[in-house]
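Working notes for the structure below.
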């Protein structure tokens, strides 16, 4: 999980700011065939704030991992989870290129 986090931490400062968080959420929901594009600004702000437990306006890896554990309680075959994670790494590498 930390490897994926680092891939989306585009500026390398060990946290995801709101832009990086949105990029991560869009990539995750796209790979899972969810409609992230329909998430309103207010809903995204709430999602981000719910994960940003320390109120720093950035999400650390320690904040993201429990949120994803909760997120992946959505029924999904293990193979699909593995494919989603692999694609997230691929998407983030392309963004850094």
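Limited to the stretch 44-82, what total is found for residues that are assigned to a helix (DSSP H, G or I) and either modelled with pLDDT of 70 or more or farther than 18 Å from residue 6 by Cα (or both)?
23
Against the list (1) surrounded by 10 or more Cβ atoms within 10 Å (Cβ to Cβ); (2) modelled with pLDDT under 90; (3) out of contact with any helix residue (DSSP H, G or I) (no Cβ under 9 Å at 6 or more places or on another chain), the condition residue 36 fails is (3).
The values are calculated or read from the model by the stated rules, or taken from the named source; none is laboratory data. Just so it is clear, the structure is predicted and the values come from calculations on it, not from any experiment. FYI the Cβ positions are ideal-geometry reconstructions off the backbone, even for glycines, and counts take in every protein chain you see.
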